[in-house]
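Student: One structure coming up, written as structure tokens, with questions to follow.
The values are calculated or read from the model by the stated rules, or taken from the named source; none is laboratory data. The shown structure was predicted, so the numbers you read here are calculated from the model rather than taken from an experiment. Positions of Cβ are backbone-derived with ideal geometry, glycine not excepted, and every protein chain shown enters the neighbour counts. Surface accessibility is based on the protein's heavy atoms, side chains included, excluding ligands, DNA and RNA. Shrake-Rupley method; radii C 1.70, N 1.55, O 1.52, S 1.80 Å.
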Amino acid sequence: MADTSCTDCFIHSRAAYYPNSEEHGTDVGACGFGSFGATVNGGDVSAASSLYRNGVGCGACYQVRCTNSAYCSDNGVTAVITDQGSSDNTDFILSKHAFSRMAQTTDAAASLLALGVVDIEYRRVACSYPNKNITFKIDDSSNNPYYLAFVIWYQQGRRDITAVQLCETQNFVCKLLDRSNGAVWTTTSPPSGPLSVRMLFSDEEEEEETWVVPVNNIPGDWKAGETYDSGVQMNQ
């Protein structure tokens, strides 16, 4: 359903919202972000169908605006993909917070919510997290030194992270990680000592790929549940 042949063109589609969400998204989304995935971007988040792209689409940002001029604003809302799902031929299932923000007024938002599913148009835009660096959140399933899994938070710009390597900082032996589900990168028997993470940022439209090496390493005594600031941000 999604057509991504034009970088800045709006694409027509439909959007629904999580009926059981109080305001924000879900903290059990398919991207593996956990509670971060419910509240990131002020709770303006969404599940996606084809735009999920087997997890590559996790963390991507889209400008989504509904097309009913009686209710809808010109700018709509910028939503971050944190989950996978589809309903009634939609590309987006927005959080209630994001769905309401497509409206011109509070009353118009109530009218949109009553409709449940609306016609929209959308386009990929750059994510922006002022004063935030890319951050690695060690998954609770991790067990040092046998198994390491982490998700990547605060991915700015409009490129996709398509590969991740983990490198020993002493001898620079690197290991390519697996994308286990969504935005979760995993490896058994991770390298020992402080770990340097290399991320491949890809832009299909420009046919460009760039390896980014953070300033900061994941410490050798990393622990499940901890977060580690990479010290870098990707703004392209």
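Student: Give the number of residues within the range 183-216 that are outside any strand (DSSP E or B) and closer than 29 Å to Asp8 by Cβ. Working first, answer last.
Tutor: Step one: filter the range 183-216 for residues outside any strand (DSSP E or B), giving 183, 189-194, 204-207, 213-216.
Restricting the remaining residues to those that are closer than 29 Å to Asp8 by Cβ gives 183, 204-207.
Summing the residues that are outside any strand (DSSP E or B) and closer than 29 Å to Asp8 by Cβ in the range 183-216 gives 5.
Student: OK, next. Please name all residue pairs, on different chains or six or more residues apart, with Cβ atoms under 7 Å, provided the first residue is in the range 126-137 and is surrounded by 14 or more Cβ atoms within 10 Å (Cβ to Cβ) and the second residue is assigned to a loop (DSSP other than H, G, I, E, B) and β-branched (Val, Ile, Thr).
Tutor: Qualifying pairs under 7 Å: Asn133/Val232; Ile134/Val232.
Student: Between Cys66, Cys58, which is surrounded by 22 or more Cβ atoms within 10 Å (Cβ to Cβ), more than 19 Å from the chain's Cα centre (by Cα) and not aliphatic (A, V, I, L, M)?
Tutor: Values: Cys58 fails: more than 19 Å from the chain's Cα centre (by Cα).
Residue meeting the stated conditions: Cys66.
Student: Taking into account only those residues within the range 91-127 that are part of a loop (DSSP other than H, G, I, E, B) and within 23 Å of Ser13 (Cβ to Cβ), which is nearest to the chain's Cα centre (by Cα)? Give the derivation first.
Tutor: The first filter runs over the range 91-127 and keeps only residues part of a loop (DSSP other than H, G, I, E, B), leaving 91, 95, 101-102, 104-105, 116-117, 126.
If we keep only those that are within 23 Å of Ser13 (Cβ to Cβ) as well, we get 91, 95, 101-102, 104, 116-117, 126.
On the way: Asp91: 15, Ser95: 14, Arg101: 19, Met102: 20, Gln104: 26, Gly116: 24, Val117: 23, Ala126: 11 Å.
For the range 91-127, the residue satisfying everything is Ala126.
Student: Right, next: Cβ-Cβ below 6 Å, separation at least six or inter-chain, first residue in the range 22-45 and more than 24 Å from Ser180 (Cβ to Cβ), second among the basic types (Lys, Arg) and open to solvent by 20 Å² or more (accessible area, probe 1.4 Å): which pairs?
Tutor: Close Cβ pairs (under 6 Å, with a partner that is among the basic types (Lys, Arg) and open to solvent by 20 Å² or more (accessible area, probe 1.4 Å)) amount to Glu23/Lys96.
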